[in-house]
Amino acid sequence: MHCRRVRSAIFLFADGQLAGELRVAFRHHVDTCPHCLRELEAAERLLALLRRRCRREHAPEHLRTRVVTLLASAPRRPMEEEDV
Ligand SMILES: [Zn+2]
């Protein structure tokens, strides 16, 4: 795995969304590349800050109702291969 690939997935890794061999390859790269390690640490700090700041925030009820209404009335698109 190269730096460019690691950087493109750094927030996914920091958020625990990489799994299996991809996660292992990512971890190995970060353990051996100080530049990407710094980027990962910055991403983890940013995510931690966002979680702390957003924990108690809720969307206003009128916005929630509008989103739910729009989603319910949105036309459904046919399932594509990527959805499977
Ligand atoms: Zn790197």
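The values are calculated or read from the model by the stated rules, or taken from the named source; none is laboratory data. Please read all numbers here as calculations on a predicted model, not as lab measurements. Note that each Cβ is placed from the backbone with ideal geometry, even for glycine, and that neighbours are counted across all protein chains shown. For accessibility, only protein heavy atoms count, side chains too; no ligands or nucleic acids. Shrake-Rupley method; radii C 1.70, N 1.55, O 1.52, S 1.80 Å.
What the table below lists for this structure:
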read-out	value
Matching residues, region 28-47, being more than 10 Å from the ligand (Cβ to nearest atom) and either surrounded by 15 or more Cβ atoms within 10 Å (Cβ to Cβ) or outside any helix (DSSP H, G or I) (or both)	43, 44
Region 1-13: number of residues that are open to solvent by 70 Å² or more (accessible area, probe 1.4 Å) and of a type in the set (Val, Ile, Thr)	0
Candidate set: region 43-63, residues that are at pLDDT 80 or above and either over 22 Å from the mean Cα position of the chain (by Cα) or of a type in the set (Asp, Glu) (or both); chosen: the one farthest from residue 16 (Cα to Cα)	62
Pairs, first open to solvent by 100 Å² or more (accessible area, probe 1.4 Å) and part of a helix (DSSP H, G or I) in region 58-84, second modelled with pLDDT of 75 or more and of a type in the set (Ser, Thr, Tyr), C-beta under 9 Å, six or more apart	none
Residue ID - most open to solvent (accessible area, probe 1.4 Å), chosen from residues in region 14-26 that are part of a helix (DSSP H, G or I) and free of Cβ contacts under 8 Å to residues at least 12 places away in the same chain	21
